[in-house]
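Novice: Just dropping this structure here.
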Amino acid sequence: MSALFRTASWLALAALLVASPALAASGPPPGFVLTDDADLAFTSPDGATRLEQYMKDSGDFDVKWQVWARRGDQMTELKPEQGYGAGFRFTGDSQWLVRMQKTGSGEQDLFLYHVENGAFVNATKTSLSDLAWDYFHSRPDTKRMKLDYHISANLMKGTEDAYRWLGVDWPNNRYLLISLSGEMDKHPKNVAVKGLADWKCRYDLKTGKFDVPAMFAKGNAKALNWEIRR
C-alpha cells in the first residue's frame, strides 16, 4: 500500500468521525452514574432515541450532569455539561429536541438539537434561550426592560402535536413556543416583586426566526407590567 493511499485513507476516516458524532462517542466518562430518576428518562415519539442522564458528585457541591442520546448501540452526548438534570421535549417527527435546563434557583435555559447523520447535535451556535432573549431585547416595546434575577426561558407544552391544545392549525414539526420571565431588583416600596411574567414568542424551526403571533399580544402586554404589591 502506497504512502499516498494510506494518507488518503486516514483523512477519509477522520472526515467520517467528524461528520458522524454518534460514531465518535462511546458513552459517559468514568465517575458518571446513570440516574434512576424516572422523571429524567425520555424517549422520542418514534422510539428510536432514549435520553440517559448521568451524574458525577465530586463532593463540596461539585455536581456535574451529562445527557447522552442512545440510538441502538450508539451514544452521543448532548452538550453542554450542566450542574442539574434536565427536562426534554421532542417534536412529533422525532427530528428536533429541546432541552429545558435548570441553571439555578428559578432560572432556566433552553438548548435546541436536531438529528444529523443519525445523531442529535446542537442546532444553534448559542442556546435557544439566548436567541429568544436577543429577540426580546431587539423589539421596540421590550428592548428597555432590564431583568436581574430568576431569569427563565420556558418551552410551552405541545411540541409533539403542533400546539393543537391552543386551537391553532400550524404545520406539524414547525414551531416552538417559548415564554420568558424574570424579576427586577429595583421597584417601588409598595411592590414586593416586579418584572416579566410569561411573555410569549414563537420560534420557526424552518427559518430560524422569531415572531409573536397576534393571539399573544394581549397577554404579552400584561406580562410586561407584572407585579405583586405588598
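Novice: Quick one: length gained pulling Arg50 to Asp169 fully straight, 0.36 nm per residue minus the C-alpha distance?
Specialist: Values: separation 119, 0.36 × 119 = 42.84 nm, distance 2.92 nm.
Separation in residues times 0.36 nm, less the Cα-Cα distance, equals 39.9 nm.
Novice: Tell me, what HN-Hα J-couplings in whole Hz come from the Karplus equation 6.51 cos²θ - 1.76 cosθ + 1.60 at θ = phi - 60° for each residue of the stretch 107-122, using x for Gly and Pro?
Specialist: 10, 8, 10, 10, 10, 10, 10, 9, 6, 9, 6, x, 9, 6, 9, 4
Novice: To continue, here is another question. Hey, what did the chain get for relative contact order, percent, Cα under 8 Å, at least 6 apart?
Specialist: Averaging sequence separation for qualifying contacts and normalising by length gives 12 percent for the chain.
Novice: While we're looking at this one, here's another question. Check Asp198: other-chain or 5+ apart residues with amide H under 5 Å from its amide H, H built from backbone geometry?
Specialist: Residues meeting the amide H criterion: Leu180, Ser181, Gly182.
Novice: Please work out how much length the chain gains when fully extended from Ala192 to Tyr149, using 0.36 nm per residue of separation minus the C-alpha to C-alpha distance, in nm with one decimal. Mind showing how you got there, number by number?
Specialist: Values: separation 43, 0.36 × 43 = 15.48 nm, distance 1.42 nm.
Between Ala192 and Tyr149, full extension yields 14.1 nm more.
Novice: Tell me, what HN-Hα J-couplings in whole Hz come from the Karplus equation 6.51 cos²θ - 1.76 cosθ + 1.60 at θ = phi - 60° for each residue of the stretch 143-158, using x for Gly and Pro?
Specialist: Once rounded to whole Hz, the list reads 5, 8, 6, 10, 10, 10, 7, 6, 7, 9, 10, 10, 8, 6, 5, x.
Novice: If we count other beta carbons within 10 Å of each Cβ, what is the order of Val212, Val193, Val67, Val98, fewest first?
Specialist: By the 10 Å Cβ count, ascending: Val193, Val212, Val98, Val67.
Novice: What are the residues whose amide H is under 5 Å from the amide H of Glu116, where those residues sit 5 or more places off or on another chain and H is modelled from the backbone?
Specialist: Residues meeting the amide H criterion: Val121.
Novice: My understanding is that a pair violates if its Cα-Cα distance is over 30 Å; which of Lys79/Lys218; Lys102/Lys209; Lys79/Lys209; Lys56/Lys206; Lys125/Lys222; Lys125/Lys186 do that in this structure?
Specialist: Pairs exceeding the cut-off: Lys79/Lys218; Lys56/Lys206; Lys125/Lys222; Lys125/Lys186.
Novice: Between Ser58 and Ala41, what is the label-point separation in nm under the 7 Å Cα-to-beta-carbon projection?
Specialist: Taking the simple label geometry, Ala41 and Ser58 are separated by 2.9 nm.
Novice: Quickly estimate the mean residue ellipticity at 222 nm for the chain, helices only: each DSSP H run with n ≥ 4 gives -39500 (n - 2.57), and the total goes over all residues, rounded to 500.
Specialist: My calculation for the chain gives -5000 deg cm²/dmol from helical runs alone.
Novice: Charges only on Cβ, +1 for Lys and Arg, -1 for Asp and Glu: so what's the dipole of the chain about the Cα centre, in debye to the nearest 20?
Specialist: Roughly 900 debye, rounded to the nearest 20.
Novice: Students often get this wrong: which residues of the stretch 166-210 have the backbone nitrogen under 12 Å from the point 7 angstrom along Cα-to-C-beta of Ser138?
Specialist: From the stretch 166-210, the list is 204, 208-210.
Novice: Right, here's the next one. What length, rounded to one decimal in nm, is gained on full extension from Ser105 through to Lys218, with 0.36 nm per residue of separation minus their alpha-carbon distance? Don't skip to the end; give the middle numbers.
Specialist: Values: separation 113, 0.36 × 113 = 40.68 nm, distance 2.87 nm.
Full extension of this stretch gives 37.8 nm more.
Just so you know, all these numbers are worked out from the coordinates, no wet-lab data involved. Everything numeric in this text was worked out from a predicted model, so none of it was measured. As a convention, Cβ positions derive from the backbone with ideal geometry for all residues, glycine included, and neighbour counts pool all protein chains shown.
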